[in-house]
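The block underneath contains the structure these notes are about, expressed in structure tokens.
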Amino acid sequence: MKIGVLGTGDVGSVLGKSFVVLGHEVKMGARSATNEKALAWAKATGSKASVGTFADAAAFGEIIVLATLGVAAESVLQSAGPETFRGKILIDTTNPLDFSGGVPPKLAIAGNDSGGERVQRMLPGAHVVKAFNTVGNALMFRPQLPGGPPDMFIAGNNEDAKQQVGAILTDFGWGVVDVGGIESSRYLEAMCMVWVLSAVRSGAWNQAFKLLR
Ligand SMILES: NC(=O)c1ccc[n+]([C@@H]2O[C@H](COP(=O)([O-])OP(=O)(O)OC[C@H]3O[C@@H](n4cnc5c(N)ncnc54)[C@H](OP(=O)(O)O)[C@@H]3O)[C@@H](O)[C@H]2O)c1
């Protein structure tokens with residue numbers, strides 16, 4: 001499958017490499033097609049990895065991963081061209097974090113709205129699935145923890161899209177917990193804060209959520 005990854009940070013790099021390890025082709029998109037981090041990532045990742053602008057990566061991907069600074073998501077999608085996403089799955093990994101007051105950050109969007117909902121509103125023709133936002137990048141692929149495989153919590157309006165993202169998560173070594181429509185991003189983005197605050201207090205970042213029944 002062809003995967004477009006929007007973002008050159010740790011999340012874009014880890015997820016992009018993981019898709020390549022699973023046999024997919026990945027184009028990493030950045031503000032510039034000559035972004036140094038993206039070029040270095042492609043060189044290190046091999047022949048199935050390539051680089052382009054946000055628009056190039058969005059056009060390339062049958063599935064697209066949004067992995068940019070959360071508060072920049074709307075401007076990134078605007079520059080990629082909202083029409084490009086029509087009919088495609090967009091995996092939204094972002095959290096709208098505000099670091100203006102230092103660490104730990106606060107949520108820049110909360111209450112009756114969320115980053116995930118804003119992304120879906122901006123791309124009405126896309127099937128947005130919130131995923132990967134409740135764990136650190138170091139554990140995103142095949143997490144090995146003494147308590148067994150953790151759970152990834154997902155939200156989105158399209159059932160078929162969630163099934164497909166669920167299958168990807170299974171390949172990535174995760175259990176999957178579907179918490180409903182894209183409005184549930186409000187709670188998944190708040191869960192990111194629980195993850196961050198717990199890690200800051202304990203100093204242990206090697207943690208992930210699991211729903212025990
Ligand atoms: N880091 C984690 O472990 C983790 C875990 C779960 C979820 N998340 C979420 O995943 C997303 C990506 O996180 P990250 O740590 O990989 O990277 P990040 O530092 O949050 O974002 C880096 C990416 O955002 C782009 N960017 C920054 N400002 C921009 C702007 N004004 N306009 C357009 N693009 C801009 C950067 O482009 P340039 O390359 O041009 O600078 C780069 O591609 C974030 O929303 C984060 O909250 C992170």
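The values are calculated or read from the model by the stated rules, or taken from the named source; none is laboratory data. The structure displayed is predicted, hence computed values, not measured ones. Quick reminder, even Gly has a Cβ in these numbers, built from the backbone with ideal geometry, and neighbours come from all protein chains shown. Accessible surface is based on the protein model in full, side chains and every heavy atom, while ligands, DNA and RNA are left aside. Shrake-Rupley method; radii C 1.70, N 1.55, O 1.52, S 1.80 Å.
What FRET efficiency comes out for the pair Glu62/Ala138, r = Cβ-Cβ distance, R0 = 25 Å, nearest 0.05?
My answer for the efficiency is 0.40.
Roughly how many Å² is the accessible area per residue of the chain, as a whole number, for a 1.4 Å probe?
It amounts to 46 Å² per residue over the chain.
List, in order, the whole-Hz ³J(HN,Hα) value for each residue of the range 109-118 obtained from phi through the Karplus relation with A = 6.51, B = -1.76, C = 1.60 and θ = phi - 60°; use x for Gly and Pro.
Values, residue by residue: 10, 7, x, 8, 8, 7, x, x, 5, 5 Hz.
For Asn95, list long-range residues whose amide hydrogen, built 1.01 Å from N in the peptide plane, is under 5 Å from its own amide hydrogen.
Those lying under 5 Å, H to H, from Asn95 are Gly70.
Spelling out what I want: for every residue of the range 194-202, take phi, set θ = phi - 60°, compute 6.51 cos²θ - 1.76 cosθ + 1.60 (Karplus), and round to whole Hz; glycine and proline get x.
Once rounded to whole Hz, the list reads 4, 4, 5, 5, 5, 5, 4, 5, 8.
Can you list residues whose amide H is under 5 Å from Val5's amide H, if they're 5+ apart or on another chain and H is modeled 1.01 Å from N?
Lys27, Met28, Gly29, Val65
To the nearest Å, what is the center-to-center distance of the range 66-125 and the range 1-58, using C-alpha atoms only?
19
Going highest first, how would you order 85-94, 187-196 by mean Cβ packing within 10 Å?
Output ranking for 85-94, 187-196: 85-94, 187-196.
Return a whole-number percent for the relative contact order of the chain, with Cα pairs under 8 Å and 6 or more residues apart as the contact set.
It rounds to 17 percent for the chain.
Is there a pair in Lys2/Lys88; Lys162/Lys210; Lys88/Lys210 whose C-alpha atoms are over 23 Å apart, and which pairs would that be?
Cα-Cα > 23 Å for Lys88/Lys210; rest within.
Tally up the carbon and sulfur contribution to the accessible surface of the chain as a whole percent, 1.4 Å probe, everything protein left in place.
54
Nearest 5 is fine: what % of DSSP beta bridges in the chain come out antiparallel, could you say?
Percent antiparallel among DSSP bridges in the chain is about 15.
Go through 49-62, 28-41 and give me the packing order, highest mean Cβ count within 10 Å leading.
The most tightly packed comes first, giving 49-62, 28-41.
Using modelled amide H (1.01 Å from N, peptide plane; none on Pro or chain starts), what sits under 5 Å from the amide H of Gly180, excluding residues fewer than 5 places away?
Under 5 Å from the amide H of Gly180: Gly156.
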